[in-house]
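Have a look at the structure below, then the notes.
The values are calculated or read from the model by the stated rules, or taken from the named source; none is laboratory data. Predicted model only: the values in this text are computed from it and were never measured. With ideal geometry, Cβ positions are generated from the backbone for all residues, glycine too; neighbour counts draw on all protein chains shown.
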Amino acid sequence: NATPNDLRAFWMPFTANRQYKKEPRMFVKAKDMHYTTHDGRQVLDGTAGLWCVNAGHCRPLITEAIQQQAGELDYAPAFQLGHPKAFELANRLIDIAPDGMEHVLYTNSGSESVETALKVALAYHKVKGNGSRTRLIGRERGYHGVNFGGISVGGIVTNRKMFGTLLTGVDHLPHTHLPEKNAFTKGEPEHGADLATELERIVTLHDASTIAAVIVEPVAGSTGVLIPPKGYLQKLRDICTKHGILLIFDEVITGYGRLGAPFAAQYFDVKPDMIVTAKGLTNGVIPMGAVFVTSEIHDAFMSGPEHMIEFFHGYTYSGNPIACAAALGTLDTYRDEGLLTRGAELAPYWADALHSLKDCPNVIEIRNIGLIGAIELAPIAGEPTKRAFSAFLKAYESGYLIRTTGDIIALSPPLIITKAQIDELIDGIRKVLQSNI
Ligand code: PMP
């Protein structure tokens, strides 16, 4: 085990830091559905790492692709130069992307994909001559990573209150009309389209010609698995189309098969103008993100050389050959094992298993969509997050990796999970919930 001395230089920048340094938990190996802990225990991965290891751990095609690429072409700049894997990957991504998505920009993370999409949106309006469209709209309880643009459009005040004004000209769509109910979690279908019309209110307030883009997660993940009410996303699409506003889906979590379709845009049958992805793109193995855009957006930047120069954007590591090779190995694994649609087959079984926990102590609500689940717990009075965190620790000790966000347990197992492993995971969580947490 690690000693306090081993951990002296390591900063885990969350509040868990202090607790963690007293009681470090470590993984030293992983294979398929399991991690091995530093003390030799097997832990069943109920969260695909951080919603990213969709194909399971240490998968051979991905490992081999990385090893081979590292010995062949380790790095090539993505400015004025390229390499074959970057081109091949973009074409393969477009093959699985929703109709209308025709071009791909590379980044190194979900946060960078968000920044990239926001900048493309603003620059797009500039090159189109709609220069006054500078406002951005996010959603309350939206999560879009930790960089400045992402925390500005994100809807979590605690994530941004330390950092001053951030981006100005940002509004947030409301999370509910009915504070006591919460349209996203109780799924009040009658309020779905209703809630989206809040966008009309914001548009009227500012004048449509000032608004560049709306960014939403089709299903909000890290803020507690918030499933949109029926009709919500389509209504946002309709309003954006009517007013010439770009619609960006942040599919960092929902992308690459999590809902049982390659992307949530296909699952909900709603067409955004851009899709932001990362995580499952390389199975979480190597940092990489990708932003999908329509031809309309891409072609606008091709209309004159000066536009390309004005849109200065790109990262040293964008489209890094080893990352591209990892992504290609990941896509091969998804294809060979049918993983991008496997969630659709498993979803009913997953839903039944999850909902069997509804009578466990302190469970307020259970939510599911595709291979995502959420168990919302009653907070301990005056000690928010404590109950869920103690569930996390007990689960870890008994061999199950779960994730907590506030007082919600979030689950998103690798898409290779078997029905027997679903039963094992849910039974493990049942025991945790029945213990005194
Ligand atoms: N957007 C969403 C919806 C996310 O869930 C996350 C990460 N959980 C991000 C963006 C940021 O991704 P990253 O941590 O790779 O920067």
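Numbers at a glance
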| read-out | value |
| --- | --- |
| Region 36-70, subset closer than 20 Å to LEU346 by Cβ and in a strand (DSSP E or B), residue nearest to the ligand (Cβ to nearest atom) | ASP45 |
| The lone exception for LEU122 - which of (1) modelled with pLDDT under 95; (2) part of a helix (DSSP H, G or I); (3) hydrophobic (A, V, I, L, M, F, W, C) it fails | (1) |
| Conditions (1) out of contact with any His (no Cβ under 8 Å at 6 or more places or on another chain); (2) not in a helix (DSSP H, G or I): number failed by ALA30 | (1) |
| Scope region 356-381; condition surrounded by fewer than 16 Cβ atoms within 10 Å (Cβ to Cβ) and free of Cβ contacts under 8 Å to residues at least 60 places away in the same chain; matching residues | LYS358, ASP359, ILE364, ALA378, ILE380, ALA381 |
| Answer from GLN434, GLN421 - the residue that is more than 14 Å from ILE375 (Cβ to Cβ) and either surrounded by fewer than 21 Cβ atoms within 10 Å (Cβ to Cβ) or touching a His at 6+ places or on another chain (Cβ under 6 Å) (or both) | GLN421 |
| Pairs with Cβ under 7 Å, 6+ apart, first in region 140-168 and without any contact (Cβ under 8 Å) to a residue 60 or more places away in the chain and under 16 Å from VAL114 (Cα atoms), second of a type in the set (Val, Ile, Thr) and more than 11 Å from the ligand (Cβ to nearest atom) | SER152/VAL170 |
| Test: residue in region 333-347 that is more than 30 Å from ILE62 (Cα to Cα) and surrounded by fewer than 18 Cβ atoms within 10 Å (Cβ to Cβ) | no |
| Identity of the residue in region 76-115, among the aliphatic types (A, V, I, L, M) and within 16 Å of the ligand (Cβ to nearest atom), that ends up farthest from THR316 (Cα to Cα) | VAL114 |
| Failed item, numbered, when LEU331 is tested on (1) aliphatic (A, V, I, L, M); (2) at pLDDT 95 or above; (3) not assigned by TED's automatic domain parsing to the domain that holds GLN67 | (3) |
| Region 103-128 residues that are within 21 Å of ILE211 (Cβ to Cβ) and without any contact (Cβ under 8 Å) to a residue 40 or more places away in the chain, paired with ones that are within 16 Å of the ligand (Cβ to nearest atom) and not in a helix (DSSP H, G or I) (beta carbon under 6 Å, 6 or more apart) | GLU115/ASN147 |
| Test for TYR267: is it surrounded by 19 or more Cβ atoms within 10 Å (Cβ to Cβ) and outside any loop (DSSP other than H, G, I, E, B) | yes |
| ARG387 being free of Cβ contacts under 8 Å to residues at least 60 places away in the same chain and either at negative phi or assigned to a strand (DSSP E or B) (or both) | yes |
| Residues located in region 247-260, provided they are part of a loop (DSSP other than H, G, I, E, B) and within 16 Å of the ligand (Cβ to nearest atom) | GLU251, VAL252, ILE253, THR254, GLY255, TYR256, GLY257, ARG258, LEU259 |
| Criterion (surrounded by fewer than 18 Cβ atoms within 10 Å (Cβ to Cβ), touching a strand residue (DSSP E or B) at 6+ places or on another chain (Cβ under 7 Å) and not assigned by TED's automatic domain parsing to the domain that holds ALA48) met by exactly one of SER318, SER295, SER303 | SER295 |
| In region 1-51, the residues that are over 23 Å from GLY280 (Cα atoms) and touching a Leu at 6+ places or on another chain (Cβ under 9 Å) | TYR20, LYS21, GLU23, PRO24, ARG25 |
| Helices (runs of 4 or more DSSP H) enclosed by region 176-246 - at least 1 residues per element that are more than 25 Å from the chain's Cα centre (by Cα) and modelled with pLDDT of 90 or more | 198-206, 232-243 |
| Selection within region 141-163 - in contact with a Lys or Arg (Cβ under 8 Å, 6 or more places away or on another chain), of a type outside the set (A, V, I, L, M, F, W, C) and not in a helix (DSSP H, G or I) | GLY154, GLY155 |
| Counted residues, region 390-433 - those being in a strand (DSSP E or B) and of a type in the set (A, V, I, L, M, F, W, C) | 5 |
| Yes/no for ARG258 being out of contact with any helix residue (DSSP H, G or I) (no Cβ under 7 Å at 6 or more places or on another chain) and farther than 17 Å from HIS103 by Cβ | no |
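Residues checked against (1) in a helix (DSSP H, G or I); (2) within 15 Å of the ligand (Cβ to nearest atom); (3) surrounded by fewer than 24 Cβ atoms within 10 Å (Cβ to Cβ):
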{"residue": "LYS271", "(1), (2), (3)": "no, no, yes"}
{"residue": "GLY280", "(1), (2), (3)": "yes, yes, no"}
{"residue": "ILE286", "(1), (2), (3)": "no, yes, yes"}
{"residue": "ASP299", "(1), (2), (3)": "yes, no, yes"}
